[in-house]
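Supplied in structure tokens, the structure appears directly below.
The values are calculated or read from the model by the stated rules, or taken from the named source; none is laboratory data. Everything quoted here is computed from the prediction, not taken from an experiment. A quick note on method: Cβ atoms are made from the backbone with ideal geometry, for glycine too, and the neighbour counts reach across all protein chains shown.
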Amino acid sequence: MFSRSVTRHKCIGHVRAARLSRPLAIALALGLALGARPVAAQEGGAVAGVVIDAATLRPLDNVQVAVEGTALAALTDGAGRFRIAAVQGTQITLQLRRLGYRPGTESVRVGQTTLRLSLVSAPAMLNEVVISGTAEPVEKRALGNSVTKIRAADVQQVAPSPGVSGLINGRAPGVVVIAGSGAVGSGPRMRIRGAGSLSLSDQPLVYVDGIRIASDVSSGPTSQAFGSGIISRLNDINPDDIENIEIVKGPSAATLYGTEANNGVILITTKRGKAGRTVFTATARNGTNWFNNAQERIGWNYSRNPITGNIDRWNPVDEQHKIGQELFKNGMSQNYSLGANGGTDVVRFNFTGGYANEKGIEPTNNLWRYTGNANLSVMARPNLDINMSVGLNQQHIDVPQEAGSGMWFAAFYGATPYTANDSLRRGFLTAPPEAYWSATQLGQGASRSLASLAVNHHLGSWFSQRLTVGTDLTQETNTSFTERMTPYEALFFTSLVTQQGSKSSTRRELNVISADYAGTFKTQLTSGIRANTSLGAQFFRRNTYSLTAGGQNFPVSGLSTVNATGGTPSAGESYVANSTLGFYGQEQFSFGDRFFLTAALRVDNNSAFGTNFSWIKYPKIQGSWVINEESWFSKIGFLKPINELKLRAAYGETGQQPATNSALRTFSPTSTADGSGVSPNSIGNADLRPERAKEFEFGFDGSAFGNRVSTEFSVYRRDTKDAILSQSVAPSSGFAGSRFTNIAEIRSQGVEFQLRGNVIDRNNFNLEMTLNASHNNNEVRSIGAEPGTPLDQQFIGTGAIRHQVGYPVGSFWELKVLSAEFDPANPGKTKNAICADGNGGSTPCLNAAGQAIAPRVYMGRGDSPNEGSFSSTATFYKRVRLYALIDYKNGNIQFDNDYRIRCQIYYRCIANLEPLNADPKLIAQYNTSNILRTTFYSDAGYAKLREVSASYVFPGKYAQLLKATAATMTLSARNLKTWTKWSSVDPESFWTVEQFARTAQAQVPPLQQVLLSMNITF
Amino acid sequence: MHPYTPDTKRPAYRSRGSLAAVLSAGLLIGCSSLLDVQAPQLIEESTLQVASNAPVIVAGAVGDFECAWGSYTVAGAIIGDELADGQGNAATWDLDRRTNNPANGLFTTAGCTSPGGTYTPISIARYSADNAVRLLESWSDEQVPGRQLLIARATVYAGYSLVLLGEAMCSAAIDLGPELTRTQIFQLAEDRFTKAITTASALTGSSADSIRLLSLLGRARSRIDRNLYATAAADAALIPNNWTMNVRFNEKDTRVENRIYRQNGLGSGFTAAPTVRGVTFEGVADPRVPVVNTGRISNTQPLWIQTKYTALSQPAPLASWREALLIRAEAAAEAGDGPAAVGFINQLHTRVSLPPYVSTDIAAIKAQVIEERRRELFLESHRYFDISRFDLPEVPAPGSAFYAGGSFASQKCLPLPDVERLNNPNLRG
């Protein structure tokens, strides 16, 4: 009963031959062992050509091309090419098979050697091997949880992305990319299945080729004046070096990653060598970016002319245009890469090298980056293979000052000049753009080395083990430099400190060390029951070292080193380390290769746990049932269209470690007039322990109608216990800042859905569509309040962001103004502002002294609970491809601080000037100092035409003019159109550093971009 | 062969593989030191709080106070109309406009190196000093050489921290306790000063004498803050002429620099307020309020800078005989002894070569004492509380327009911050 009618793929040497009959597999294996590619007889005609992906038009390697009714067959090489000689007859049928694709057949004439055959992908196929979430690589059929796999190399072919995050955005249900700044070189945050923590990092773990890497989202010098850098370490990785990305979404799948895995795991696999002729590739991309419709999106500022009494309006783009110096220029993007891929059955290699140069829309925003990646796979013995990867990166990024400083702040809130000083600044708030651009530079240079060594060893068929070790070393130099100002610059910056110039330089070294071992015993318990017993151990250590030097007052202009400053240079040094040690055991039972049951237990310790806490245990259990392979399944009529159907369920736990040293009560060395002293630093918490998340997930994967339609559906519920709250410390304790405590509980739940369809599959026309959608909700269940505490008192947060029991984490709470009336005694002023009382009624907003007395009420959430995407790819004549992706988010609000600053701080709105023509409810808010703010929240939902592209694959004869075997040209664009109700520049622009608040203020929006790419294969 | 069919060599391989796995696991288990990490820039409480570190602990407490004094003196000067805003950062406007919000005002959580730092740095300074005293009292004289002097020194700075806390805040808490009124806070300060006086009086030497005098004047301040004129004057009378204890600054670190010069002098974030520009007495420029017009503009405001402090390393008076004379003058005026009060005022005038003050009208003399305090104690952390204690009109008047938008309000003391109210278990709810 447990035997299967279809033989699934298995390893034959390094080649995975899909659905081969046993004799053919043996023939292929023998042929390969003899170094004979292709496998063929020695007489007759020949057929040859290339096999491509029907949607991406990308050549496919490892496609088994077989002549129907014969033993003749060949495997395609890294360039997708095959050749079969000694074919008898004049007309034959070729059968094409590859893992992850629907089988194809093609009738061809013998003698045709320029065939262009295509296969249609079938991503839900259960035989696909994934590496994530288990002790060793397994087929999807054995997984009880969902894993999203993104074929990065395909994505880069269709819609090239400048960063890793662009590969993920819109392609993984439940994964939200949270942009922040659109400046060149900036990187977003990523959040999987919503926020599962109140105060700890919300970022997933990232692995590259099996080793953990640093993926800090906010590095670089402070560029937003609120403690944020905008450079993400994740974007150091060249997307062109990546073969695929797997995303493990939650504790039900990530248990074996243990502590730190609450936020999910992203596993990146770089390109590997493929046996066969060496294939060289060259890719060149050139393009431009721009701030679309900047003038109207920034908006106008109004002021009353003191002489004429008229209302004037001012806009920075307009102002610069009038003097012939455009505020924003078109940026530039250049990207070049070379690759070599090939090898033998014993040694395979892939080398890639790349250079990128991007310029933003203002002079202070630039990036250059060199990347190199080498991957060497050696099959040292039939049962021992070794894979070595080395990635190198050298880059420099100049970031613009934005948000609270620099040209952006000065431009957003300027006004028509009336005085000589105003005119000198041309109306810009503090200084004209050229003064900022010439006086100050913010930048980060970085070099990064990733190295990993993975050893896989098999002892017969009953034991396998793997060991992966590696290191990630990043050296950053972050520089903030203000030159000794020229007389012109000094006109606008009155502080002597600023005028005299300053420099701060921070050298930071990040080092992550990984060691990961797993051994698996495989036991055939009965003829149909198999057991895999795995034991594993992992060790990770992260060291962060930084050395800072700074100084002020350059005595003369032209100096730029800290030593050249006239004052006493300052220096700082810090070192932070964190280690995790974990062990796990896993037992997996397979019943007839159709039903799988997996149970595991992981134990972890971490150097950040409190002294009163040590080892923590994380269990998991999951099961999957490939129900369509049951003998009764195909006998039920209405189920016949279903080709594959796997039901799955998973339960697992993971943790999230507290921040390093946060358990300790510490003091800092300080400088005093008496010499060295000490000062309270952190109040600590000796009972601190990791957050603990428990997640239950179930769903199904399936395909139907000849694998034309595939779908994945998941429902999950995650409960985070002992959620760590960064609770502000009451200053009377003698300590400042915050203290981590394990007091909260959070529930996250949601639905994820993906539907892919090969809508039309004709020989010369193919149309594929993909719909991703997810709904992720969360709710604070407890903040550890004393029993009997009224519900409205069960919250944490002193400002607008609250963690309130019964509501989404980190949601917005404000005084909600319902009405106000003009005060006849004070023209233009209001009185009797009425706010919501939180119980459906109303109450005065303010007391006589103008202080808030109404309660804060729920306004909405900053994170969108709903996100998704729709993409479509059409190919014509296997040479022309059209592609578009629209993504959306909705259900969230954001705080429009641009609006507030204009109307409540600088009074540069029309309503400030003509209040009696405005709604008194608005005027009442404009006239308070950051107390009444209802109107500044706005729906931040949007849909974006995120990616669009058109490609053409040149016929071989044209490619041969370049001595190439293939050439493809792609014109692609990003962010061309946004549909939104959001009131400010862009719903994806807000302070990068914020975990929950979404505050829009004078930032670079996501830029529109167009790229022309040329990809040539030799 | 099925890929999972048992291999005939299985037993031998199994034993070797098992051994390898067990050895590997055992190796890792044995490496518990893998979890040991260093935090060389931080000092754990247990490491710090040993007797041999007593001098460093006390130095840290005094350092915390001197840093807090700097930030509060700037904050108080801005709210108390000695300085005015001149920068584009809207967060500081509430200080000048007197619209400080307990939820998010700078005065709530800003540290001692930030403009506006008040409640938090003063609270830290108070804790550091009290904690130092607690530790010192748990050790013996044998363990800590000069322990009594260290106790006296830490205690007097705990007292001054409480004085600043009471003068700045409408109410406050200490050690996560209940909300205290200003009167209660000043009483706690007096208790510390009394203890310091007692401790220092039992010692000999110039250091002990300085602490004793500082404690006496501190106690006088804590008493005059509660209008306890006679007892305040009695303490003040013990301060010898020309005696001053300074808050000490240097350029080595931002914590230790003269914050007033940093913000109004070297920096231009704040300008000297109109009320302190061109101050004269009977037509003679009053040198105690030195302010000059730079001719520059800072965020649309004319930039006037004070020249009382002209270097980051220039010390500032924490307690001085001048303050003692003013306390005595105030007490004398309150007691109806006009000539005595005028005499004290004129001692101060003589010092700076101003014409003598002449009056027999007690009300006028009381007003002159207040004015003399404004001038003599300019930028020495007194003015904001004087506005409250004497219920003086705020300038510009509440309701008048603020240059960057909005209107001035009235705020003669700072409300208890939400960060305290919501996170102190004795206050929440």
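So, A:ALA411, is that one small (Gly, Ala, Ser), more than 22 Å from the chain's Cα centre (by Cα), part of a helix (DSSP H, G or I) and surrounded by 20 or more Cβ atoms within 10 Å (Cβ to Cβ) or not?
Here the answer is yes, as A:ALA411 does meet what is asked.
Next question, about the same structure. Is it the case that A:SER682 is in contact (Cβ under 8 Å) with a residue 40 or more places away in the chain and either within 14 Å of another protein chain (Cβ to nearest Cβ) or touching a Pro at 6+ places or on another chain (Cβ under 8 Å) (or both)?
yes
Of the residues that make up the range A:327-334, is at least one surrounded by fewer than 20 Cβ atoms within 10 Å (Cβ to Cβ), assigned to a strand (DSSP E or B) and in contact (Cβ under 8 Å) with a residue 12 or more places away in the chain?
So far as the range A:327-334 goes, yes, one or more of its residues are surrounded by fewer than 20 Cβ atoms within 10 Å (Cβ to Cβ), assigned to a strand (DSSP E or B) and in contact (Cβ under 8 Å) with a residue 12 or more places away in the chain.
Among A:SER464, A:SER449, A:SER480, which is the only one that is among the small types (Gly, Ala, Ser) and within 12 Å of chain B (Cβ to nearest Cβ)?
Testing whether each residue is among the small types (Gly, Ala, Ser) and within 12 Å of chain B (Cβ to nearest Cβ) leaves just A:SER464.
Failed condition for B:ALA154, given (1) more than 11 Å from chain A (Cβ to nearest Cβ); (2) small (Gly, Ala, Ser); (3) over 20 Å from A:THR670 (Cα atoms), with all others met?
Tallying (1) more than 11 Å from chain A (Cβ to nearest Cβ); (2) small (Gly, Ala, Ser); (3) over 20 Å from A:THR670 (Cα atoms), B:ALA154 fails exactly one: (3).
Filter the range A:437-482 down to the residues that are touching a strand residue (DSSP E or B) at 6+ places or on another chain (Cβ under 8 Å) and outside any strand (DSSP E or B), then identify the one that is surrounded by the fewest Cβ atoms within 10 Å (Cβ to Cβ).
A:SER461
Here is a follow-up. Could you list all residues from the range B:345-366 that are crowded, with 16+ Cβ neighbours inside 10 Å, of a type in the set (A, V, I, L, M, F, W, C) and touching a Lys or Arg at 6+ places or on another chain (Cβ under 9 Å)?
B:LEU348, B:LEU354
Now for a separate question. From A:GLY353, A:GLY360, grab the single residue that is buried (at least 18 other Cβ atoms within 10 Å of the Cβ), more than 14 Å from chain B (Cβ to nearest Cβ) and either free of Cβ contacts under 8 Å to residues at least 60 places away in the same chain or at positive phi (or both).
One residue alone meets the criteria, A:GLY353.
A follow-up question, please. Given (1) touching an Asp or Glu at 6+ places or on another chain (Cβ under 6 Å); (2) of a type outside the set (Lys, Arg); (3) in a loop (DSSP other than H, G, I, E, B); (4) buried (at least 24 other Cβ atoms within 10 Å of the Cβ), identify the lone condition not met by B:PRO102.
Going through (1) touching an Asp or Glu at 6+ places or on another chain (Cβ under 6 Å); (2) of a type outside the set (Lys, Arg); (3) in a loop (DSSP other than H, G, I, E, B); (4) buried (at least 24 other Cβ atoms within 10 Å of the Cβ) one by one, B:PRO102 breaks only (4).
If A:LEU688 satisfies every condition in (1) among the aliphatic types (A, V, I, L, M); (2) more than 10 Å from chain B (Cβ to nearest Cβ); (3) within 30 Å of B:VAL256 (Cβ to Cβ) but one, which is the exception?
(3)
For the list (1) surrounded by fewer than 22 Cβ atoms within 10 Å (Cβ to Cβ); (2) out of contact with any helix residue (DSSP H, G or I) (no Cβ under 6 Å at 6 or more places or on another chain); (3) within 26 Å of B:GLY405 (Cα to Cα); (4) of a type in the set (A, V, I, L, M, F, W, C), I need the number of the one condition that B:VAL279 fails.
If we test B:VAL279 against (1) surrounded by fewer than 22 Cβ atoms within 10 Å (Cβ to Cβ); (2) out of contact with any helix residue (DSSP H, G or I) (no Cβ under 6 Å at 6 or more places or on another chain); (3) within 26 Å of B:GLY405 (Cα to Cα); (4) of a type in the set (A, V, I, L, M, F, W, C), just (3) comes out false.
Tell me yes or no: at least one residue of the range B:220-238 is surrounded by fewer than 16 Cβ atoms within 10 Å (Cβ to Cβ), among the basic types (Lys, Arg) and either out of contact with any Phe, Trp or Tyr (no Cβ under 8 Å at 6 or more places or on another chain) or assigned to a loop (DSSP other than H, G, I, E, B) (or both).
Scanning the range B:220-238, I find no residue that is surrounded by fewer than 16 Cβ atoms within 10 Å (Cβ to Cβ), among the basic types (Lys, Arg) and either out of contact with any Phe, Trp or Tyr (no Cβ under 8 Å at 6 or more places or on another chain) or assigned to a loop (DSSP other than H, G, I, E, B) (or both), so the answer is no.
If B:LEU135 passes every condition in (1) within 14 Å of chain A (Cβ to nearest Cβ); (2) part of a helix (DSSP H, G or I); (3) under 22 Å from the mean Cα position of the chain (by Cα); (4) of a type outside the set (Asp, Glu) but one, which one does it miss?
Of everything listed in (1) within 14 Å of chain A (Cβ to nearest Cβ); (2) part of a helix (DSSP H, G or I); (3) under 22 Å from the mean Cα position of the chain (by Cα); (4) of a type outside the set (Asp, Glu), B:LEU135 misses just condition (3).
Okay, residues lined up against (1) closer than 30 Å to A:ILE131 by Cα; (2) touching a residue at least 24 places away in the same chain (Cβ under 8 Å); (3) surrounded by fewer than 22 Cβ atoms within 10 Å (Cβ to Cβ); (4) of a type outside the set (Val, Ile, Thr):
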{"residue": "A:GLY264", "(1), (2), (3), (4)": "yes, yes, no, yes"}
{"residue": "A:LYS274", "(1), (2), (3), (4)": "yes, yes, no, yes"}
{"residue": "A:ALA282", "(1), (2), (3), (4)": "yes, yes, yes, yes"}
{"residue": "A:ARG285", "(1), (2), (3), (4)": "no, yes, yes, yes"}
{"residue": "A:ASN292", "(1), (2), (3), (4)": "no, yes, yes, yes"}
{"residue": "A:ASN310", "(1), (2), (3), (4)": "no, no, yes, yes"}
{"residue": "A:ARG313", "(1), (2), (3), (4)": "no, yes, yes, yes"}
{"residue": "A:ASP318", "(1), (2), (3), (4)": "no, no, yes, yes"}
{"residue": "A:LYS322", "(1), (2), (3), (4)": "no, no, yes, yes"}
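Here is a check on your reading of the model: is A:GLY182 on the phi > 0 side of the Ramachandran plot and touching a residue at least 40 places away in the same chain (Cβ under 8 Å)?
no
Taking the stated definitions as given, is B:ASP130 within 13 Å of another protein chain (Cβ to nearest Cβ), under 20 Å from B:GLN314 (Cα atoms) and in a helix (DSSP H, G or I)?
no
Okay, residues lined up against (1) of a type in the set (Lys, Arg); (2) at pLDDT 90 or above; (3) in contact with a Cys (Cβ under 6 Å, 6 or more places away or on another chain); (4) under 15 Å from A:ALA142 (Cα atoms):
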residue	(1), (2), (3), (4)
A:TYR584	no, yes, no, no
A:SER590	no, yes, no, yes
A:ASN605	no, no, no, no
A:THR611	no, no, no, no
A:GLN656	no, no, no, no
A:THR672	no, yes, no, no
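Testing A:GLY309 on (1) on the phi < 0 side of the Ramachandran plot; (2) not in a helix (DSSP H, G or I), one condition comes back false. Which one is that?
(1) is the only condition that A:GLY309 fails.
Separate question: Pick from A:GLY519, A:GLY536: which is out of contact with any helix residue (DSSP H, G or I) (no Cβ under 6 Å at 6 or more places or on another chain) and either within 11 Å of another protein chain (Cβ to nearest Cβ) or assigned to a strand (DSSP E or B) (or both)?
Only one candidate qualifies: A:GLY536.
Go through the range B:77-90 and report how many residues are at the interface with chain A (Cβ under 9 Å from one of its Cβ atoms) and either surrounded by fewer than 24 Cβ atoms within 10 Å (Cβ to Cβ) or not in a loop (DSSP other than H, G, I, E, B) (or both).
Within the range B:77-90, residues that are at the interface with chain A (Cβ under 9 Å from one of its Cβ atoms) and either surrounded by fewer than 24 Cβ atoms within 10 Å (Cβ to Cβ) or not in a loop (DSSP other than H, G, I, E, B) (or both) number 4.
On the basis of being modelled with pLDDT of 95 or more and more than 8 Å from chain A (Cβ to nearest Cβ), does B:THR73 make the cut?
Here the answer is yes, as B:THR73 does meet what is asked.
Out of B:ASN104, B:ASN89, I need the residue that is closer than 20 Å to B:GLN301 by Cβ and of a type outside the set (Gly, Ala, Ser). Which one?
From the options B:ASN104, B:ASN89, the qualifying one is B:ASN89.
Can you tell me which residues in the range A:629-678 are surrounded by fewer than 14 Cβ atoms within 10 Å (Cβ to Cβ) and either within 30 Å of B:ASP64 (Cβ to Cβ) or of a type in the set (Lys, Arg) (or both)?
Scanning the range A:629-678 gives A:LYS635, A:LYS640, A:GLY675, A:SER676.
Are there any strands (runs of 3 or more DSSP E) wholly within the range A:827-874 with 1 or more residues that are free of Cβ contacts under 8 Å to residues at least 24 places away in the same chain, and if so which?
Because the criterion is at least 1 residues that are free of Cβ contacts under 8 Å to residues at least 24 places away in the same chain, the strands (runs of 3 or more DSSP E) in the range A:827-874 that meet it are A:830-836, A:842-844.
Of all residues in the range A:522-533, which are within 10 Å of another protein chain (Cβ to nearest Cβ) and small (Gly, Ala, Ser)?
A:SER527, A:ALA531
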